[in-house]
Amino acid sequence: MPIEHIVGMSSTLNGKVPTLLLSDMTVPLWGLAIFILWTIFIVLLLLAVRIRHLAAGGSVKDFGTPNDESLLWRLFRVHANLIENLPLYLGVVFLLTVRGISGTTIDVLIVVYIGFRLLHSLIHIAGLNPKFRLFSLVIQFSCLVALTVLALL
């Protein structure tokens, strides 16, 4: 696949001006955009909860104190989970994009992966039974492994 296709170079301007159009977005790239936006949203939510905690007389020391009953701790862990998983997903999207691999199977796996990634975060934030998070993680991981295999074949 030529590099011009990957970066969306415009042929009408002698290939010198990058023009990534929304129509050039694939399902894996949309999944990446959603993943990034969700991570940004969680960071903003975490900041808001930290500011509220401090305004109520809480200590900065509480930010890193493990306590599954605390929304502050759960948001911290959700943020960490997202940061841990983003490079893996980014790597798969890179492989799929560079190799030009696409199709219905890829798209379905991406949608399921992103859906269960978001669900995992919501389950954690709500403080629900960790078994639900584990179930979500198993589905996500299965999708990620399948996508990796498809990207490498």
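Values for this structure:
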| read-out | value |
| --- | --- |
| Helices (runs of 4 or more DSSP H) enclosed by the stretch 48-153 - at least 2 residues per element that are open to solvent by less than 50 Å² (accessible area, probe 1.4 Å) and of a type in the set (S, T, N, Q) | 71-99, 130-152 |
| Residue check, I6 open to solvent by 40 Å² or more (accessible area, probe 1.4 Å) and either at pLDDT 80 or above or not in a helix (DSSP H, G or I) (or both) | no |
| Every pair of residues 6+ apart whose Cβ atoms lie under 8 Å, when the first sits in the stretch 119-132 and is of a type in the set (A, V, I, L, M) while the second is in a helix (DSSP H, G or I) | L119/S136; I123/F132; I123/R133; I123/S136; I125/L71; I125/R74; I125/L75; I125/V78 |
| Any hit, the stretch 89-97, residues being over 25 Å from D24 (Cα atoms) and in contact with a Ser or Thr (Cβ under 7 Å, 6 or more places away or on another chain) | no |
| Within the stretch 28-44, tally of residues that are free of Cβ contacts under 8 Å to residues at least 60 places away in the same chain, in contact with a helix residue (DSSP H, G or I) (Cβ under 9 Å, 6 or more places away or on another chain) and open to solvent by less than 60 Å² (accessible area, probe 1.4 Å) | 2 |
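The values are calculated or read from the model by the stated rules, or taken from the named source; none is laboratory data. Keep in mind the model is a prediction, meaning the values are calculated, not measured. A quick note on method: Cβ atoms are made from the backbone with ideal geometry, for glycine too, and the neighbour counts reach across all protein chains shown. Side chains are part of the model used for accessible areas, which takes the heavy atoms of the whole protein and leaves out ligands, DNA and RNA. Shrake-Rupley method; radii C 1.70, N 1.55, O 1.52, S 1.80 Å.
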